[in-house]
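**Student:** Have a look at this one before I ask anything.
The values are calculated or read from the model by the stated rules, or taken from the named source; none is laboratory data. Predicted, not measured: the structure shown is a model, and the values here were computed from it. When we count neighbours, we look across all protein chains shown, and the Cβ atoms used for this are built from the backbone with ideal geometry, even at glycine.
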Amino acid sequence: MSTNTHNTIVITGANRGIGYAIARFCQQRGDTVYALCRKSSKDLDSLGINVIEDIEITKQDSINKVVSALNGINIDLLINNAGILRDEQLSHLNKDTIIEQFNVNALAPLCLSHALLTNLSSGSKIAFITSRMGSITDNTSGGRYGYRMSKAALNIAAVSLARDLTENNISVGIYHPGYVQTEMVNSNGSLSNGDISANVAAERLITLMDDLTMSDSGVFKHSNGETLPW
């Protein structure tokens, strides 16, 4: 994938936050964008890109719908961005929300990537938007059991994928976007929490994805370029 040519990019969770910001950034630079989401938004519709709605990536029917919609299309970059955040503490452990996060944050991105392998070719890239909260070394505060566990699971799945796709010359990027001002970290509706905007995060992430090569496939990176510990 080259920054000098227009690319075909598929992104999940594209109706808001980082996903929307990435979709808009790529559309503005001339890429062909396929935006996957459960429900579109006015902002996403205004971009004039290819929106595939009613996609719940934990459901096989939805994955089948994506595969059908993208039949015959070569994907240069698949961005697994969709994710959820719940808050389990030791005093309020919730098995159901932990399983929910595993399904959405770890299993679904792997299954979607697997389903779209026939759309990828030599030089294609797969990106996973993860979190440094999935780092064992970086965990100094505890809590957030489901989110931390699901992102650690996503990280190791992405590394396995990177190894398995080496012979196909398909690289895999694993990215922590930063502490971003999105609805995920601002449940009260404001965007007061977060160090950087979704637009800044999107530009940083796309720059890393553009620069991704087989030599750094399977490396866990912060959007600022720093390599993160597992």
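**Student:** Take the residues in the stretch 15-44 that are basic (Lys, Arg) and outside any helix (DSSP H, G or I); name whichever of them is surrounded by the most Cβ atoms within 10 Å (Cβ to Cβ).
**Tutor:** ARG16
**Student:** Given the options ASN64, ASN103, ASN71, name the one that is part of a loop (DSSP other than H, G, I, E, B), of a type in the set (S, T, N, Q), surrounded by fewer than 17 Cβ atoms within 10 Å (Cβ to Cβ) and free of Cβ contacts under 8 Å to residues at least 60 places away in the same chain.
**Tutor:** Among ASN64, ASN103, ASN71, only ASN71 is part of a loop (DSSP other than H, G, I, E, B), of a type in the set (S, T, N, Q), surrounded by fewer than 17 Cβ atoms within 10 Å (Cβ to Cβ) and free of Cβ contacts under 8 Å to residues at least 60 places away in the same chain.
**Student:** Same structure, new question: Given the conditions (1) in contact (Cβ under 8 Å) with a residue 40 or more places away in the chain; (2) under 20 Å from VAL104 (Cα atoms); (3) in contact with a Leu (Cβ under 8 Å, 6 or more places away or on another chain), which single one is not true for ILE52?
**Tutor:** (1)
**Student:** Only one residue in MET214, MET209 is touching a strand residue (DSSP E or B) at 6+ places or on another chain (Cβ under 8 Å), closer than 22 Å to LYS151 by Cα, modelled with pLDDT of 95 or more and aliphatic (A, V, I, L, M). Which one?
**Tutor:** Selected residue: MET209, the only one of MET214, MET209 that is touching a strand residue (DSSP E or B) at 6+ places or on another chain (Cβ under 8 Å), closer than 22 Å to LYS151 by Cα, modelled with pLDDT of 95 or more and aliphatic (A, V, I, L, M).
**Student:** Looking for something of a type in the set (S, T, N, Q) and modelled with pLDDT under 95 - is there at least one such residue anywhere in the stretch 8-16?
**Tutor:** Looking through the stretch 8-16, at least one residue is of a type in the set (S, T, N, Q) and modelled with pLDDT under 95.
**Student:** Next question, about the same structure. For the stretch 126-178, what are the residues that are free of Cβ contacts under 8 Å to residues at least 12 places away in the same chain, β-branched (Val, Ile, Thr) and either part of a strand (DSSP E or B) or closer than 18 Å to ILE98 by Cα (or both)?
**Tutor:** Across the stretch 126-178, the qualifying residue is only ILE156.
**Student:** Right, another one. When you look at GLY83, is it surrounded by fewer than 21 Cβ atoms within 10 Å (Cβ to Cβ), among the small types (Gly, Ala, Ser) and in contact (Cβ under 8 Å) with a residue 60 or more places away in the chain, yes or no?
**Tutor:** no
**Student:** Assess whether LEU154 counts as being farther than 22 Å from ASN7 by Cα, in contact with a strand residue (DSSP E or B) (Cβ under 7 Å, 6 or more places away or on another chain) and aliphatic (A, V, I, L, M).
**Tutor:** The answer is yes for LEU154.
**Student:** If I ask for residues that are crowded, with 20+ Cβ neighbours inside 10 Å and at positive phi, which ones from the stretch 120-143 would you list?
**Tutor:** Once the filter is applied, which keeps residues that are crowded, with 20+ Cβ neighbours inside 10 Å and at positive phi, the stretch 120-143 yields nothing.
**Student:** When the residues of the stretch 171-206 are filtered to those that are modelled with pLDDT under 80 and of a type outside the set (S, T, N, Q), which remaining residue is nearest to the chain's Cα centre (by Cα)?
**Tutor:** Ranking the candidates gives MET184 first.
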